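Notes follow once the structure below has been shown.
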Amino acid sequence: MTSSGTANAPVHAYPLSTRVALEGLGSFFIVFAGLGTALFSSGGSGATVGFAYGLAMVAAIISFGHVTNGYFNPAFSLGMAVAGRLKFSAALLYIVAQTIGGILAAAVWLAMMRVMPAGATPAMPELFGALANGFDAHSPSQVPMIGVLIIEMVAVAVLTAMLLGATSPRNKTTMGPVAIGLAFAVAVAITMPLSNGSLNPARATSVVFLADSWALGQLWLFWVAPLVGAALAAVIYRYFAPVRTVDVPVRDASSSALLSSGAVLTQAHSESTVEGATEGVTLVKGRTIAGVEESDDAQAFFDAPQK
């Protein structure tokens, strides 16, 4: 019997190239909004920056989330893959596109700084160093490495669990994007004084090449912690997700034996159905069977009315 309420990775109606491009675009917009708010908002408080990240995520999910199913964050993409909602090969391409999108967003703000009047902004390494994520001496609150590791891992794990719940086919609400964005905004506001609020490896990578060398040396933590947290949350969610059983008529002895052995039919994710595809395909212990009866030419011959 399966221990998951999720099916194998779905087949998408959109080509992979389109989904990868939209993941990069969504990541660009989210990082662009967050960095811009941190650079130019008066005071740059954690709540203000968190609100910018969260609102941008809501907009990106509403616009592109139904197409990509990756949610513009390497940690979330890994979580969706571990939960069985995304192929690992697609998740890898998503992560590359998301990281490139974040770096391009930082490059746009770098170009903006270049045209500012002399003396209007600090030197580039100091300016972007203030936006980089760090621990120990480079944490806004001098939080040690283990503390930042724990908070990043736990926060991303909770966010991933909420993402999986909000996008579950059993969740009929239309407020999923708002819930995800609000949760992310709150998490960023909490972690801003601790680690400068990453929770997104693409965002953490976006400024390290423009800051001092310490930022690149501490970048590993802001990849490891979110990815591990997201993977753990997805594994736990997949294990405890309820399994929906479906009664299927039994035609022969072999299928009867298969069903009586305790096999469970799982319902595929609602977004995994390609428009126009044949309905009724389910999974039995990892094997695909059709929900329609197979034709038997010999039986049809004997059942046909005699002339």
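The values are calculated or read from the model by the stated rules, or taken from the named source; none is laboratory data. The structure displayed is predicted, hence computed values, not measured ones. All Cβ positions, even for glycine, are placed from backbone atoms using ideal geometry, and neighbour counts span all protein chains on display. Quick note on the areas: whole protein, heavy atoms, side chains included, nothing else; ligands and nucleic acids left out. Shrake-Rupley method; radii C 1.70, N 1.55, O 1.52, S 1.80 Å.
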Please give the net charge around LEU221, taking every other residue with its beta carbon less than 11 angstrom from that of LEU221, where Lys and Arg add +1 and Asp and Glu add -1. -2
Given the protein chains as shown and a 1.4 Å probe, how many square angstrom of TYR14 are accessible, to the nearest 10? 100 Å²
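Starting from the residue with the highest accessible area, list VAL235, VAL156 in decreasing order, probe 1.4 Å.
VAL235, VAL156
Let me know the shape class of the range 86-234, please: from the alpha-carbon gyration tensor, a ≥ b ≥ c as square roots of the eigenvalues, rounded when a/c is under 1.5, otherwise prolate if a/b is greater than b/c, or oblate. Don't skip to the answer; put the middle values down first.
Details: a/c = 1.93, a/b = 1.57, b/c = 1.23.
Note, shape of the range 86-234 comes out prolate.
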So what's the gap between the Cα centers of the range 158-184 and the range 93-107, to the nearest angstrom? 23 Å
Output wanted: per-residue J couplings in Hz (rounded whole) for the range 56-66, from phi through Karplus 6.51 cos²θ - 1.76 cosθ + 1.60, θ = phi - 60°, x for Gly and Pro. 5, 5, 4, 4, 5, 5, 4, 6, 10, x, 5
Quick one: grab the alpha carbon gyration tensor of the range 86-157, order the square roots of its eigenvalues as a ≥ b ≥ c, and give me rounded if a/c is under 1.5, else prolate or oblate depending on whether a/b is larger than b/c. oblate
